[in-house]
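Heads up: the structure comes next, in structure tokens.
The values are calculated or read from the model by the stated rules, or taken from the named source; none is laboratory data. Note that the structure is a prediction, hence the values are computed from the model and not measured. Ideal geometry is used to build each Cβ from the backbone, glycine not excepted, and the neighbour counts take in all protein chains shown.
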There are 2 protein chains.
Amino acid sequence: MKTSRHTCSILWKTAISALALCISFTAASQQNVGFRQGDLISPVINSDNTVTFLVHAPMAKEVQVFGDWEADNGYGKLEKDAEGIWKFTTVPLPSEMYTYRIMIDGVMGLDPSNPFTRRDVGNNFSIFYIDGGYADYYQVKDVPHGNLSYVWYQSEKLGTERRMSVYTPPCYGRGKKRYPVLYLLHGSGGDENAWIELGHTVRIMDNLIAEGKAEPMIVVMPNGNSLKQAAPGETSENLEYRPVMTNMMPGYKNGNYEMAFDEIVNYIDNHFRTIAKKEMRAVAGLSMGGFHSLFIALNHPGMFDYIGLFSAGLNTAFLDMSLPVYSDMEKKLENLKEEGYELFWIAIGKDDFLYQDNLKFMKTCDEAGFDYKYHETSRGHIWANWRQYLLLFAPMLF
Amino acid sequence: MKTSRHTCSILWKTAISALALCISFTAASQQNVGFRQGDLISPVINSDNTVTFLVHAPMAKEVQVFGDWEADNGYGKLEKDAEGIWKFTTVPLPSEMYTYRIMIDGVMGLDPSNPFTRRDVGNNFSIFYIDGGYADYYQVKDVPHGNLSYVWYQSEKLGTERRMSVYTPPCYGRGKKRYPVLYLLHGSGGDENAWIELGHTVRIMDNLIAEGKAEPMIVVMPNGNSLKQAAPGETSENLEYRPVMTNMMPGYKNGNYEMAFDEIVNYIDNHFRTIAKKEMRAVAGLSMGGFHSLFIALNHPGMFDYIGLFSAGLNTAFLDMSLPVYSDMEKKLENLKEEGYELFWIAIGKDDFLYQDNLKFMKTCDEAGFDYKYHETSRGHIWANWRQYLLLFAPMLF
């Protein structure tokens, strides 16, 4: 009996494997089993933190990798071996989460052997991590995990249901405890998924909380595109709404999102176990989300005790300053100062194209005697910086 | 002033556009703005429900599309025009959600111009919808939306925290109402994301509930790989755990998942507003999840009043029938019969490689006088069938 079962098991496995092999290179129209990568593993993270990319493309004339690491400007030219496998190895890379694409004969695409991807605005990228530093916070560890919910709320001011992401900490709901809330806003071209997928908020918060470095808190990530209900593919426009930079969309500069933000705070206070007071609320955002954070805070004095601008878009030259949301900025800064706040934190990279605008804004703050803390990093307008800013900002809260 | 603002606005837009163009074809290492597709739109859904694929690949020798539509076995050979754009148009396709990949000179990849993708086991696919039938249920409509949560529960029997997806209906939490629960299980190679990403459960349930065709219910989608905590990339193995077919993984046939299923039901009953009784519980699954559903129901008599096997894996030849989970099958069927149930539903496609095993199982049921309902469709072991089975099954519940 044992032998017979064993034989059956082998036959079964063989049948499935055969199917898998057949299907992987033919149409998938009849049997949806056995989908899997080939045997090639790419990328390979070597023990010295160099990374080797391997692409099986015997017919190709040129294969290149374009990534977001700093060394060699993230570029590499792969070389073909006798089996038609193209290879390139980077220099040792610092710990980070990296995104990259492979270009074969002028066509940009993903790494065919890497199943792990992220979408950033309109493009898809393959990803990998280098351990031993920042990226340890961006990965899942054996620590208690918080939950993540995609929640729809009714916006009366924007006249529609809208979607947001909500992280609740590991201990949430196990007792009567209530929690402070960080409202965390995405940049142009982002949506309610951006801080999850690219920002790694869930892992960062789980890991900071497990180490006792951050207070257990709720993190709310709304959608900052006021004329959209949700991320591309998640609205009733479905795939007709292709992701674009938000500043190419209508309604970007009407201030409606900032002025309706109290609805989001009210929804969260009514549906989650929050501590509904200023001392227990923070708002922060990257790029356009930093711009939003500033004007949300200015137009809702007494709502937030912590405000974070990460590589914020602070050029007001393109705004209609007569709109209530943007008008009387100096008076609103004065109001905020009178209300009081625990932390007004500005962070930006030296190479950021918004660097000068941030310096100019800080000069305005200095002249108004408006206190802030400033954190300057290397590099530019990139997710590596925004993840690091969250890692630094969250421990300063509450 | 107005002119000056307008000029600034144009300058700002121009700067961003210029950056976007620069960055899209150089390394993304310094400025993470402006990511977006080129001008090419692909695929184009034509008014007659034919679909045109366009790929800009001037250097390529051969471009092919491999999809999961039935016509032409989902295959097409693209032809190059004078500008180096390759094109292929399908015959008219019936309403469905379709997945496809583009092969350029032997390298399989995504459609470079389509931002929308899904991962199925180890491979990524581009997607599109054809409206006017089934696919209308798979897309987002202007109806009230339910929420989706990724929830971690502690499994004492499996000795670890584990992740599951939970859909709550639109009205959930707005009053004191309690809801019935459908436990919906994925197949081999799947995980807690599969019924969301490929099964479109959230949209199907939102749309069925909005039309009054299904009772508002909670849908719980656990992870059926008993030695894994969560989907690939969501466990502490991080990207080391590359997606594979579950039957290639250890622990697939030890029955631990099925025997520990009461922990999931208890967790849900303790943390969600359920009606915690047999009449208000269903369990259903596809392929391996159908196999799981059968043995979960057989080993937990009195727990479920509705059982659904979608293209279920019912070949017991490869099982160790001495294990408590699989032993005494006839006696357990008899128990289930005595306990009583509202619906035992079996669905499979005529071309499914598991078709004969399902016929054999139904013969066993017939001989035992065990009542079931049978639904036979065309085609094989594919998501198009499983989405349709959910569309048919959910309205029969509660």
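Summary table
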quantity: Checking residue A:165 against (1) under 17 Å from residue A:241 (Cβ atoms); (2) polar (S, T, N, Q); (3) in contact with an Asp or Glu (Cβ under 6 Å, 6 or more places away or on another chain), the condition it does not meet; calculated: (1)
quantity: Residue among A:198, A:208 that is more than 12 Å from chain B (Cβ to nearest Cβ) and of a type in the set (A, V, I, L, M, F, W, C); calculated: A:208
quantity: The listed residue being aliphatic (A, V, I, L, M), part of a loop (DSSP other than H, G, I, E, B), within 25 Å of residue B:164 (Cβ to Cβ) and at the interface with another protein chain (Cβ under 9 Å from one of its Cβ atoms), out of A:143, A:151; calculated: A:143
quantity: Pick from the range A:144-180, criterion within 18 Å of the chain's Cα centre (by Cα) and among the aliphatic types (A, V, I, L, M), ranking: farthest from residue B:152 (Cα to Cα); calculated: A:164
quantity: Residues satisfying the stated conditions in the range A:116-146, i.e. in contact with a strand residue (DSSP E or B) (Cβ under 9 Å, 6 or more places away or on another chain), crowded, with 22+ Cβ neighbours inside 10 Å and more than 21 Å from residue A:192 (Cβ to Cβ); calculated: A:126, A:128, A:135
quantity: Tally, over the range A:85-97, of residues that are outside any loop (DSSP other than H, G, I, E, B) and either more than 29 Å from residue A:195 (Cβ to Cβ) or without any contact (Cβ under 8 Å) to a residue 40 or more places away in the chain (or both); calculated: 5
quantity: Out of B:291, B:310, B:304, sole residue that is in the same structural domain as residue B:168 (by TED's automatic domain parsing), closer than 24 Å to residue B:159 by Cβ and surrounded by 21 or more Cβ atoms within 10 Å (Cβ to Cβ); calculated: B:291
quantity: Sole exception among (1) under 27 Å from residue B:62 (Cβ atoms); (2) facing chain B (nearest Cβ under 10 Å); (3) surrounded by 20 or more Cβ atoms within 10 Å (Cβ to Cβ) for residue A:78, by number; calculated: (2)
quantity: Test: residue in the range A:106-113 that is of a type outside the set (Ser, Thr, Tyr), assigned to a strand (DSSP E or B) and more than 9 Å from chain B (Cβ to nearest Cβ); calculated: no
quantity: Members of the range A:215-245 found to be more than 10 Å from every other protein chain (Cβ to nearest Cβ), within 30 Å of residue A:321 (Cα to Cα) and within 18 Å of the chain's Cα centre (by Cα), listed by number; calculated: A:220, A:221, A:222, A:223, A:224, A:225, A:231
quantity: Hits in the range B:327-340 - residues which are out of contact with any Phe, Trp or Tyr (no Cβ under 7 Å at 6 or more places or on another chain) and at pLDDT 90 or above; calculated: B:327, B:328, B:331, B:332, B:334, B:335, B:336, B:338, B:339, B:340
quantity: Number of positions in the range A:42-66 that are under 27 Å from the mean Cα position of the chain (by Cα) and among the acidic types (Asp, Glu); calculated: 0
quantity: Some residue of the range B:381-396 being farther than 15 Å from residue B:306 by Cβ and away from chain A (no Cβ under 14 Å); calculated: yes
quantity: Out of B:102, B:23, sole residue that is under 26 Å from the mean Cα position of the chain (by Cα), within 11 Å of chain A (Cβ to nearest Cβ) and either at pLDDT below 95 or outside any helix (DSSP H, G or I) (or both); calculated: B:102
quantity: Matching residues in the range A:323-342 - criterion: being assigned to a helix (DSSP H, G or I) and not basic (Lys, Arg); calculated: A:329, A:330, A:333, A:334, A:335, A:336, A:338, A:339
quantity: Members of the range A:241-279 found to be modelled with pLDDT under 95 and either closer than 26 Å to residue B:138 by Cα or in a loop (DSSP other than H, G, I, E, B) (or both), listed by number; calculated: A:241, A:242, A:243, A:244, A:245, A:249, A:250, A:251, A:252, A:253, A:254, A:255
quantity: So residue B:39, is it assigned to a helix (DSSP H, G or I), within 12 Å of another protein chain (Cβ to nearest Cβ) and either more than 24 Å from the chain's Cα centre (by Cα) or of a type in the set (A, V, I, L, M) (or both); calculated: no
quantity: Pairs with Cβ under 7 Å, 6+ apart, first in the range A:284-296 and more than 14 Å from every other protein chain (Cβ to nearest Cβ), second aromatic (Phe, Trp, Tyr); calculated: A:284/A:310; A:284/A:393; A:285/A:310; A:292/A:257; A:295/A:326; A:296/A:261
quantity: Some residue of the range A:345-355 being assigned to a helix (DSSP H, G or I) and within 14 Å of chain B (Cβ to nearest Cβ); calculated: yes
quantity: Residues satisfying the stated conditions in the range B:163-201, i.e. in a strand (DSSP E or B), of a type in the set (S, T, N, Q) and over 17 Å from residue B:394 (Cα atoms); calculated: B:165
